[in-house]
Amino acid sequence: MSNKLEILPAILKEQADFIDKVNTRCEFKHKSIQSLLLANGIPFEKQIKSPFKGEPKSCFKNCYQALWNYPQLNYCEGFAINSNVSIAVSHAWLVNNDGEVIDPTWISN
């Protein structure tokens, strides 16, 4: 397991615990998206080179627009971390049928 896949759940757990602590009125099983993802999310370990480049800071738009030209890909949302970003951020990417991430916003080298 990569270092990022060890760090990300720890960050999400810290955020979920904080939200659980301050959100005392909610009676839902999951009081935060972080808690829901920790319980039901799927980690993606392999990223392949994207055949297209999107606009910086526009991950949701980039992925949505890419689906028009690449309908065989699947849209995915969750949290991600990047070597340049030390926090878990809400992010969107695409996934092929082999479970490989194609991210037109955070281009991997």
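The values are calculated or read from the model by the stated rules, or taken from the named source; none is laboratory data. What you see is a predicted model, and the numbers here were worked out from it, not measured in a lab. With ideal geometry, Cβ positions are generated from the backbone for all residues, glycine too; neighbour counts draw on all protein chains shown. Side chains are part of the model used for accessible areas, which takes the heavy atoms of the whole protein and leaves out ligands, DNA and RNA. Shrake-Rupley method; radii C 1.70, N 1.55, O 1.52, S 1.80 Å.
Below is a table of values for the structure above.
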| quantity | calculated |
| --- | --- |
| Across Lys4/Lys57; Lys29/Lys61; Lys21/Lys46, pairs whose alpha-carbon gap is larger than 25 Å | Lys29/Lys61; Lys21/Lys46 |
| Degrees separating the helix 3-22 axis from the principal Cα axis of the chain, which is the longest one | 40 degrees |
| Extension gain from Ser86 to Glu14, taking 0.36 nm per residue of separation minus the Cα-Cα distance | 24.5 nm |
| In Å, descending, principal axis extents of the Cα set of the chain | 45, 28, 26 |
| Angle in degrees between helix 59-69 and the longest Cα principal axis of the chain, rounded to the nearest 10 | 40 degrees |
| Accessible area expressed per residue, the chain, with surrounding protein chains retained (probe 1.4 Å, Å²) | 71 Å² |
| Dipole magnitude of the chain, debye to nearest 20 (Cβ charges: Lys/Arg +1, Asp/Glu -1, about Cα centre) | 220 debye |
